[in-house]
Amino acid sequence: MKVLYIASTGTGDPTRASIPFHLAANGSAAIGQQVSIVLAGDAAELIVGDAASQVTGLGLPSLTELLNKVVEHQLPVYV
């Protein structure tokens, strides 16, 4: 199955910003689905500079940890 996650929230709402990355890396990719992530609107700021290091959603791993898993799974990310 192919899955596309679209993130549209930036650093202003860390939980909503982290959810697409969490679902992609710890959910879909972990069970072998083909996954891509699109960063739209405010979500593009998540990969600029050290913004990711400042984002940790409630009950979720830090965005830095999630991005490391995205890289580990070699998931394409489109901006």
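The values are calculated or read from the model by the stated rules, or taken from the named source; none is laboratory data. Nothing here was measured: the structure is a model prediction, and the numbers come from that model. Heads up, the Cβs are rebuilt from the backbone with ideal geometry, glycines too, and the neighbour counts pull from every protein chain shown. Heavy atoms of the whole protein, side chains included, go into the accessibility calculation; ligands, DNA and RNA do not. Shrake-Rupley method; radii C 1.70, N 1.55, O 1.52, S 1.80 Å.
Observations
- Relative contact order computed over the chain (Cα-Cα under 8 Å; 6+ residues apart), in percent: 39
- Between 0 and 90°, nearest 10: helix 63-72 axis offset from the chain longest Cα axis: 30
- The portion of the accessible surface of the chain made up by carbon and sulfur, rounded to a whole percent, is 54 (1.4 Å probe; DNA, RNA and ligands excluded).
- Accessible area per residue for the chain is 57 Å², calculated with a 1.4 Å probe on protein heavy atoms, without ligands, DNA or RNA.
- If you take the alpha carbon atoms of the chain and fit the smallest convex hull around them, that volume is 73 Å³ per residue.
- Amide N proximity, region 37-64 versus I6 label position 7 Å along Cα-to-Cβ, cut-off under 15 Å: 37-44
- Region 36-79: radius of gyration and largest Cα-Cα distance (Dmax), Å: 10.4, 26
- Each of L60, V71, N26 was scored by the projection of its Cα onto the charge dipole of the chain, and the greatest displacement toward the positive side belongs to N26; charges sit on the C-beta of Lys, Arg, Asp and Glu.
- Beta bridge orientation in the chain: antiparallel %, DSSP, nearest 5: 10
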